[in-house]
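Enquirer: Here you go, one structure.
The values are calculated or read from the model by the stated rules, or taken from the named source; none is laboratory data. Source: prediction; values computed, not measured. In this analysis, Cβ positions are derived from the backbone assuming ideal geometry, glycine residues included, and neighbour counts consider all displayed protein chains.
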Amino acid sequence: MKLLVRRYTSDLHETPYMAEVILETGAKINIDRANVDAVRADLIIDVPSDKLEQVAEHFRQKGLEVRRLTKLIAWDEERCIHCGACISVCPAHVFTFDQAWTIHLEEGKCIRCDVCIKACPLNALASVD
Ligand code: SF4
Ligand code: SF4
């Protein structure tokens, strides 16, 4: 399950908060995506479902903002023409064709890179907050 972990202030910059939370909780955390600038760092992490609440609480105790991501990518099925362009570009193998050449999504694999959004010729894909 995915969590968005966000920090705003530079005073946490030197704190190895990810390593600390992994050691404290024993959770096998995978970092899907990291966006870092001068004022903010946003991490999208994948956490085993049985550790989700514990991990979220440990990050909060360290002063970080944590939000569960339930929707990762918006797909407008009405617009989609099943061209397969998204299959080619998605690094996480979210999209597949079935035997009838119809697109299917495994949304849980999405790392919110947004590459498919730009690649879709029908604007059938969008990011979600
Ligand atoms: S690129 Fe867009 S139109 Fe093509 S299959 Fe993917 S979602 Fe559908
Ligand atoms: S944003 Fe699109 S391209 Fe990126 S991982 Fe998610 S589904 Fe794949």
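Okay, residues lined up against (1) within 16 Å of ligand 1 (Cβ to nearest atom); (2) charged (D, E, K, R):
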| residue | (1), (2) |
| --- | --- |
| Tyr8 | no, no |
| Glu24 | no, yes |
| Lys28 | no, yes |
| Val36 | no, no |
| Glu53 | no, yes |
| Lys62 | no, yes |
| Phe95 | yes, no |
| His104 | yes, no |
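Enquirer: Okay, next question. Consider region 22-37. How many of its residues are more than 19 Å from Leu72 (Cα to Cα), in contact with a helix residue (DSSP H, G or I) (Cβ under 8 Å, 6 or more places away or on another chain) and aliphatic (A, V, I, L, M)?
Expert: Residues meeting the conditions: 1.
Enquirer: Now, a different point. Has region 73-88 got any residue that is touching a Ser or Thr at 6+ places or on another chain (Cβ under 6 Å) and within 16 Å of ligand 1 (Cβ to nearest atom)?
Expert: Yes; the residues of region 73-88 include at least one that is touching a Ser or Thr at 6+ places or on another chain (Cβ under 6 Å) and within 16 Å of ligand 1 (Cβ to nearest atom).
Enquirer: Quick check on my filter: what residues within region 106-129 are away from ligand 1 (no atom under 13 Å from the Cβ) and outside any loop (DSSP other than H, G, I, E, B)?
Expert: Result: Gly108, Lys109, Ser127.
Enquirer: Right, here's the next one. When you check His58 against the structure, is it of a type outside the set (S, T, N, Q), within 16 Å of ligand 1 (Cβ to nearest atom) and either assigned by TED's automatic domain parsing to the domain that holds Asn30 or farther than 18 Å from Asn30 by Cα (or both), yes or no?
Expert: Here the answer is no, as His58 does not meet what is asked.
Enquirer: Name the residue that is surrounded by the fewest Cβ atoms within 10 Å (Cβ to Cβ), counting only residues in region 111-122 that are without any contact (Cβ under 8 Å) to a residue 60 or more places away in the chain and within 13 Å of ligand 2 (Cβ to nearest atom).
Expert: The residue in question is Lys118.
Enquirer: Scan Arg79, Arg60 and give me the residue that is of a type outside the set (A, V, I, L, M, F, W, C) and under 22 Å from the mean Cα position of the chain (by Cα).
Expert: Arg60
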